[in-house]
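Report on the following structure.
The values are calculated or read from the model by the stated rules, or taken from the named source; none is laboratory data. Keep in mind that what you see is a predicted model, and the values were worked out from it rather than measured. Counting neighbours? That spans all protein chains shown, and the Cβs are built from the backbone with ideal geometry, glycine included.
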Amino acid sequence: MSEVLKTGTTTLGLVCKDVIVLATDKRATAGDMIVQKRAQKLHKLAANIAVTIAGSVSDVQVLIKMIRAELKLKEVRISRRATVKEAANLLSNYVYSNIRSFSVIPGVTHFLLAGFDESGLHMYDIFPDGSVTEIDDYVSSGSGSVFVYGVLESNYKKGMDEKEAIDLATRSVNASLQRDTGSGNGLEIWAVDKNGIRVVTEKLVAEKLV
């Protein structure tokens, strides 16, 4: 069972001057096996809110469907979009309930949620136990995070612009690709700002042909 539950990934978020930058690798694993080389680890929950994912894929997929539907229903009920904090708290409730529900395979999920609302830019770390922490600088999750933090601790600066943040995110994910066997096969970066969510870059690692 412990082998089945071993997963690997790299995700990170950077809070910058006028934007939040989210980045992930592209590899999905199950134990020691690479099961997907173009995994999508960045997802939109709403026009102004995005998340990175880590953990059990099936549980992550179900929770994303649930939170998307609930945010749409909430918008209809209250005639406005949910704030980023409201979305984070709602998702954390799902995560809390999910991991505490009886299952042969525990539903371990970890999300980094970023968005923009009337109060500005916000990013939250929604930990596998359901706890919520607002992040005002940077955060990383997954097996590659130990390598990412080594780069971020030395190079992150408050008030970075988007270009600087994208460069730092690229170098950080690259560090995990070089050293973490659970991460690999490429890089994807999104930017979240007052204008919405943008795909900044998506690069796949070229594979040699025999």
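Can you tell me which residue in the stretch 166-194 is surrounded by the most Cβ atoms within 10 Å (Cβ to Cβ), limited to those that are touching a residue at least 12 places away in the same chain (Cβ under 8 Å) and of a type in the set (D, E, K, R)?
E188
The condition (being within 30 Å of A30 (Cβ to Cβ) and at pLDDT 95 or above) is satisfied by just one residue among E202, E188: E188. Would the stretch 62-81 turn up any residue that is under 13 Å from the mean Cα position of the chain (by Cα) and under 16 Å from Y124 (Cβ atoms)? Yes, the stretch 62-81 contains a residue that is under 13 Å from the mean Cα position of the chain (by Cα) and under 16 Å from Y124 (Cβ atoms).
From the list V60, V108, the one residue that fits, being surrounded by 19 or more Cβ atoms within 10 Å (Cβ to Cβ) and either of a type outside the set (A, V, I, L, M) or closer than 23 Å to D180 by Cβ (or both), is V60. Quick check, is K163 surrounded by fewer than 13 Cβ atoms within 10 Å (Cβ to Cβ) and modelled with pLDDT of 95 or more? Yes; evaluated as a whole, the condition is true for this residue. Among the candidates S92, S79, the residue that is exposed (fewer than 13 other Cβ atoms within 10 Å of the Cβ) and among the hydroxyl-bearing types (S, T, Y) is uniquely S79.
In the stretch 4-27, what residues are of a type in the set (A, V, I, L, M) and buried (at least 21 other Cβ atoms within 10 Å of the Cβ)? Listed by number, the residues that qualify are L12, L14, V15, V19, I20, V21, L22, A23.
Of G130, G115, G120, G144, all but one fail to be surrounded by 14 or more Cβ atoms within 10 Å (Cβ to Cβ), free of Cβ contacts under 8 Å to residues at least 40 places away in the same chain, out of contact with any Cys (no Cβ under 6 Å at 6 or more places or on another chain) and under 21 Å from V51 (Cβ atoms); the exception is G130.
In the list V108, V84, V95, which residue meets the criterion of being in contact (Cβ under 8 Å) with a residue 24 or more places away in the chain, closer than 22 Å to K194 by Cα and either in contact with a helix residue (DSSP H, G or I) (Cβ under 7 Å, 6 or more places away or on another chain) or of a type in the set (V, I, T) (or both)? First the steps, then the outcome.
Values: V108 fails: closer than 22 Å to K194 by Cα; V95 fails: closer than 22 Å to K194 by Cα.
When all the criteria are applied, what remains is V84.
For residues that are hydrophobic (A, V, I, L, M, F, W, C), touching a strand residue (DSSP E or B) at 6+ places or on another chain (Cβ under 7 Å) and modelled with pLDDT of 90 or more, tally how many sit in the stretch 29-56. Let's see the steps before the verdict.
At the first step, the residues of the stretch 29-56 found to be hydrophobic (A, V, I, L, M, F, W, C) are 30, 33-35, 39, 42, 45-47, 49-51, 53-54.
Among the residues that remain, those that are also touching a strand residue (DSSP E or B) at 6+ places or on another chain (Cβ under 7 Å) are: 35, 39, 42, 45, 47, 49-51, 53-54.
Keeping just the survivors that are modelled with pLDDT of 90 or more gives 39, 42, 45, 47, 49-51, 53-54.
Qualifying residue count, the stretch 29-56: 9.
Of the set (1) in contact with a strand residue (DSSP E or B) (Cβ under 7 Å, 6 or more places away or on another chain); (2) free of Cβ contacts under 8 Å to residues at least 60 places away in the same chain; (3) surrounded by fewer than 19 Cβ atoms within 10 Å (Cβ to Cβ), all apply to S103 but (1).
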